[in-house]
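The values are calculated or read from the model by the stated rules, or taken from the named source; none is laboratory data. Note that this is a predicted model, so its numbers are computed, not measured. Neighbour counts run over all protein chains shown; Cβ positions are idealised from the backbone, glycine included. Note: areas computed on protein heavy atoms with side chains; ligands, DNA, RNA excluded. Shrake-Rupley method; radii C 1.70, N 1.55, O 1.52, S 1.80 Å.
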Amino acid sequence: MIRVLSVASECAPLVKTGGLADVVGALPHALEGQGIEMRTMLPGYPAVMARIEKVADILHEDDLFGGRVAVIHARAGGLDLLVVQADHLFARDGSIYLNAAGDDWSDNAERFAALSWMAARVACEGVGGWQPDILHCHDWQAGLVPVYLRRMDGRAKTILTIHNIAFQGLAPAAKLDRLRIPAEVFTPERVEYWGRISPLKAGLTMCDRLTTVSPTYALELMTPEFGMGLDGVMRDRAGVLSGILNGIDLDVWNPAADPPFHPAITPYSDPAGKAANKAALRRACGLPETDGPLACVVSRLSEQKGLDLLIEALPGYLAQGGQLALLGSGDRALQQQFHDLAQREDGVSVTIGYDEELSHRFMAGADAILVPSRFEPCGLTQLYGLRYGTIPVVALTGGLADTVITANDAALKAGVATGLQFAPATAAALSGALSRLLMLYGKPEIWQALQRNAMAHPVGWQTSAAEYAALYREMLTDA
Ligand code: ADP
Ligand code: GLC
């Protein structure tokens, strides 16, 4: 049995701001039966502390960045957890990353350095007879793990998964001592990024292996367009980098058995069963009955997601009888723009907020899901769309390129198409894809074939879990 400690800043169902949480929450279950025993280390935010069932106190440090830090072995949500309790760092209301003004907490560097420090200690000291062979770090928040592990002379292997290179956690060089980062690693080859401390770069340069969440994003990361200043580092490390696609939890996202969790959904296993859900979603969103398609968006509203392109592309689609239901939150200007659009247009419904239950109803009821991202490491909502026969219309980038088979004439003829892709990520190209969506929707036989292909496309964890397990095994045989 290989023991892996997964180290992350969020984990569903306990605390989630995006797809990272879903993946971190799903991995331990996905790896069951693969000879991997995974525990997950998380910060003790209020939402986590309120839900855990404590098994034992295992480690503590009297003063780490200004207060006591303890690691608690606990269970919650079917997960085996090591929770880093540090009230001075994590016992705060509101967002786990941002203060009330919407800015990063000024001590985010310390908060996630504490997580990384305690992970390294667990690796070195073991807890209750459990010592990880591998530390699996996720994103910048766990990037300092290999720095601390080296400082403590730890022997565990390390792997970092890049979920999004746009988030790097940069901190001023003046924090070097405070963060317990040895001066000798503060070099351009390791932790320094243009005079600042880069926890992500630390992980990228010092972990034994790197993965990201799709094969295409693995290639994109090595280019200036997508590497966000770290493309050179990624090219240097190409030999240890691989892309492993995310999966989704087939029990949580199951159109045939949604009701236990979501009573408003009528279950279906054939695309025809979507009709009742579409009618219900229209009623819930105040959208009129029409013969046209209902497309949806469930997303963070940020530059990455390209939803400003949708605002530009929408008039033509609406004029041809299409409708849109959007569920999202984030950028205030975008929220306002979508809100204004919904006021003006009968065919547009906008719900600003974060609502897990409603997101399921969107998947069950909409005909299509739009993901016009400028970049997308993997993306999960297009996978939900496939599973629910809700045709994904996606930009040709990252995981969106790897998970959707575009409905060009050849793919339709071959019977393999599952959605629509467009490139480049511009309003004009998105408009073109929306026109094609309207055209295909107008041909029920073709549309239903697309839906059936989509629903049959494998989107679970099976293949990817086996790839992670193989990688872990390989790491342990490395010199
Ligand atoms: P990212 O992690 O970049 O935001 P992903 O597609 O990987 O993108 O994951 C986003 C996750 O967050 C999905 O599970 C999606 O359903 C969920 N999500 C995003 N916005 C909302 C929202 N407003 N309400 C409910 N769920 C949302
Ligand atoms: C990031 C990416 C998203 C990916 C998720 C989980 O948030 O933006 O594309 O699906 O991580 O890996």
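Does region 243-255 contain at least one residue that is part of a helix (DSSP H, G or I) and surrounded by 14 or more Cβ atoms within 10 Å (Cβ to Cβ)? No: region 243-255 contains no residue that is part of a helix (DSSP H, G or I) and surrounded by 14 or more Cβ atoms within 10 Å (Cβ to Cβ). Checked against the criterion of being assigned by TED's automatic domain parsing to the domain that holds Pro372, closer than 24 Å to Glu376 by Cβ and part of a strand (DSSP E or B), region 309-316 contains not a single residue that satisfies it. Among the residues of region 370-385, the one identified as small (Gly, Ala, Ser), more than 7 Å from ligand 1 (Cβ to nearest atom) and farther than 19 Å from Gly432 by Cα is Gly385. Checking the structure you have, find out if any residue of region 103-112 is touching a His at 6+ places or on another chain (Cβ under 6 Å) and over 21 Å from Glu184 (Cβ atoms). No, region 103-112 has no match at all. Here the condition is being touching a residue at least 24 places away in the same chain (Cβ under 8 Å) and surrounded by fewer than 18 Cβ atoms within 10 Å (Cβ to Cβ); of Ala423, Ala433, Ala410, it holds for Ala423 alone. Of the residues making up region 17-38, those that are part of a strand (DSSP E or B) and open to solvent by less than 30 Å² (accessible area, probe 1.4 Å) are Ile36, Met38. Confirm whether Gly227 is outside the structural domain of Phe362 (by TED's automatic domain parsing) and within 16 Å of ligand 2 (Cβ to nearest atom). Yes; evaluated as a whole, the condition is true for this residue.
Check whether at least one residue in region 310-321 is within 28 Å of Thr223 (Cβ to Cβ), crowded, with 24+ Cβ neighbours inside 10 Å and within 21 Å of the chain's Cα centre (by Cα), and report yes or no. Checked region 310-321: no residue is within 28 Å of Thr223 (Cβ to Cβ), crowded, with 24+ Cβ neighbours inside 10 Å and within 21 Å of the chain's Cα centre (by Cα). Taking region 87-144 on its own, how many of its residues are open to solvent by less than 50 Å² (accessible area, probe 1.4 Å) and assigned to a helix (DSSP H, G or I)? Count: 22. The listed residues are Gly195, Gly239, Gly203, Gly229, and the only one of them that is more than 16 Å from ligand 1 (Cβ to nearest atom), surrounded by fewer than 20 Cβ atoms within 10 Å (Cβ to Cβ) and closer than 21 Å to Leu20 by Cβ turns out to be Gly229.
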